[in-house]
């Protein structure tokens, strides 16, 4: 942009849409201290007074819509157009700039447009739909967009919170369509150069100006040539890397914040479960949480089974973990005879915590019967709580064929001789020679093969 402003000998220019005001200093450094910059933005994300103080008489700010301001500014040497991205606004900005130039006997200003490619080159965006007369307003919705898809999508699209036209393409729809329509109607010949980078940049210059400023014409020729295209490729790659760095910074910052909130939620739930239910120890809940974190960190595929659930602390913790860390595909299976704590009471306990829904399956009865054909197809983690040794054996034997590779297996009360014997026999029978970790004093954890 800077070479164009220099070669066009710009002394009066207008910036439409300033966002955070990042370009203002660069523009004024380029055009020099004698130039006059008008900035138009109805809702600036910066303090215009600070800029007015910093840049003195060079800087004039207009807090209004461009279509309300341009008609009174007089002829401009250049216009940087990045305001409301819709046909009506862009077309009328071009018209008003042309009328001002004609009224002052000046050539059409050099016009540089942003967002002439996807997504808004052929689709309207309305920052405030009421700013565009209904006659010129496309049907719109707050939904996102995907490349190559004309209609808006309900999920995973770009800019889903913006007022986007329902369909892409067609008359009076999009930034580039506004530019095209203006160029087609303009009485004098214009040169249009479209650069397919950074959502698309279009440069529109009157042939009359290019005849008077041949160096500007040569620069546009260079942009369209091999050297210019190579420069644009390098620039596009630099911008891609900068955008990726920015996205990663935001992503990992958000991930850290979400991780902090999730851990606080899980800690709060553990305190509540220990306080309100009679049997769970905080150490056992911490151990279960640690096992769930291993499963999550290693992206193990499958569901979570808790056996010997007592009053329901373990399925409650698992269900909360799935929500806290957005593990949408997993289910929770709670296996128990429900003799010590009746099934209905366990339901109430889970409901009290807001953790009983269709993703929690309570399986009641003798595990020899309920697990004869296990209801779960793939187990990423198996947690066995307080159960008789015979039931521990049944749960392990029946679920072994459903365990995912490297599934996490945790068993409480492993210090009990009868339970210990079951675990040793199971590990030997399945050739599990990997390490066994003691957790929560009397529990153990190991990994499936």
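The values are calculated or read from the model by the stated rules, or taken from the named source; none is laboratory data. This structure is a prediction, so every number in the text was calculated from the model and none was measured. Neighbour counts run over all protein chains shown; Cβ positions are idealised from the backbone, glycine included.
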Can you find even one residue in the range 240-259 that is over 25 Å from the mean Cα position of the chain (by Cα), in a helix (DSSP H, G or I) and more than 30 Å from residue 125 (Cα to Cα)? no
Suppose we filter the range 130-155 for residues that are farther than 13 Å from residue 86 by Cα and assigned to a loop (DSSP other than H, G, I, E, B); how many remain? 10
3 or more residues assigned by TED's automatic domain parsing to the domain that holds residue 285 and surrounded by fewer than 16 Cβ atoms within 10 Å (Cβ to Cβ): qualifying helices (runs of 4 or more DSSP H) within the range 343-449: 343-352, 417-429
Just to be sure, is residue 203 modelled with pLDDT under 95, within 28 Å of residue 96 (Cα to Cα) and either in a strand (DSSP E or B) or in contact with a helix residue (DSSP H, G or I) (Cβ under 6 Å, 6 or more places away or on another chain) (or both)? no
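If I filter the range 34-46 for residues that are in a helix (DSSP H, G or I), more than 21 Å from residue 133 (Cβ to Cβ) and assigned by TED's automatic domain parsing to the domain that holds residue 17, do I get at least one hit? Steps first, answer last, please.
From the range 34-46, those in a helix (DSSP H, G or I) are none; that's our starting set.
No, because not a single residue in the range 34-46 is in a helix (DSSP H, G or I), more than 21 Å from residue 133 (Cβ to Cβ) and assigned by TED's automatic domain parsing to the domain that holds residue 17.
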Output yes when any residue across the range 175-182 is assigned to a loop (DSSP other than H, G, I, E, B), surrounded by 15 or more Cβ atoms within 10 Å (Cβ to Cβ) and either touching a residue at least 40 places away in the same chain (Cβ under 8 Å) or within 20 Å of the chain's Cα centre (by Cα) (or both), and no when none is. no
Any idea which residue in the range 147-168 is surrounded by the fewest Cβ atoms within 10 Å (Cβ to Cβ), counting only those that are more than 12 Å from residue 119 (Cβ to Cβ) and over 17 Å from the mean Cα position of the chain (by Cα)? 151
Over 21 Å from the mean Cα position of the chain (by Cα) and not assigned by TED's automatic domain parsing to the domain that holds residue 107: does that describe residue 216? no
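Do you know which of the residues in the range 51-66 that are part of a helix (DSSP H, G or I) and under 25 Å from residue 127 (Cα atoms) is modelled with the highest pLDDT?
Looking only at the range 51-66, we keep the residues that are part of a helix (DSSP H, G or I), and these are 51-58, 66.
Imposing the further condition that a residue be under 25 Å from residue 127 (Cα atoms) reduces the set to 51, 66.
Details: 51: 82, 66: 95.
Here the answer is 66.
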Looking only at residues that are out of contact with any strand residue (DSSP E or B) (no Cβ under 9 Å at 6 or more places or on another chain) and on the phi > 0 side of the Ramachandran plot in the range 8-66, which one is surrounded by the fewest Cβ atoms within 10 Å (Cβ to Cβ)? 56
